[in-house]
Amino acid sequence: MDHAPGTGDTTEGANFDPRQAAALLDQATQRARRSFTPLTPLLFTFRAVALLVVFGAFWLSVRGQHPYTGLHRGWAIGVAVVLVVINIGVSAWVVGRAAIGVSGPAQRKWGAWTGIMVAAWIIGYAVTASLYHAGVSHQAWGLYPASAPLLIIGLAGAAIGAAFRYWPLAAILLAIAVVATAAGFAGPVGSWLITGIGLCAVYLGAAAFTFWAQRRSVVRL
């Protein structure tokens, strides 16, 4: 028996409602725009390796110094400069790709986060110039650049990340602050090694968590 329009079997229509699908897509888009953070496992993994290499090179350049006299091998600084430049380029590329199609408050919020973190990095490491100019002891000179700036950056970033509700970034930066604190107890030589290993572990953990979260999100879709 034929069904009259609007009174018969509506199972197929109930299973697919274009208006409902459009509304869900719009909600997902808005949610993505509000929570824009270009977190990628690949970027975190690269940073983990780069930081281990940089701080490992610094540690090798000061290992065995009694008394501690600081970094004197140009190759270690050269390695650090090259990897920092590469990190900046890779990060800019990743952020640029993640920002495609994202606009409005989320993009402005991320811009504010980036500006604040750049300021924290500048402030944290600018103090090293003052210490050098003041002629502080080599022991203090060794401890400060290896751990103190990262403690400042980690605590400031964790607080700002929590305020912006960037919870994964807040957790990562808090972990960095913990690593910096631990490194401060390792002495001017050991602090470089502890910082390198600790930061590598933090970023590898962040890469694993981000990969798991992205896979879980895809499965839910």
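Tabulated data
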| item | result |
| --- | --- |
| A182-T114 pseudo-label distance in nm [points 7 Å out on the Cα-to-Cβ vector] | 3.2 nm |
| Rough spin-label spacing in nm, given labels placed 7 Å along Cα→Cβ, for V95 and A159 | 2.2 nm |
| Cα-based Rg of the range 38-220 normalised by 2.2 N^0.38 Å, two decimals | 1.09 |
| The range 38-220: relative contact order in percent, alpha carbon pairs under 8 Å with at least 6 residues between | 34 percent |
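Taken together, the values in this text are just the output of simple stated rules run on the coordinates, not laboratory data. Being a predicted model, the structure only gives us computed values, none of them experimental. Counting neighbours? That spans all protein chains shown, and the Cβs are built from the backbone with ideal geometry, glycine included.
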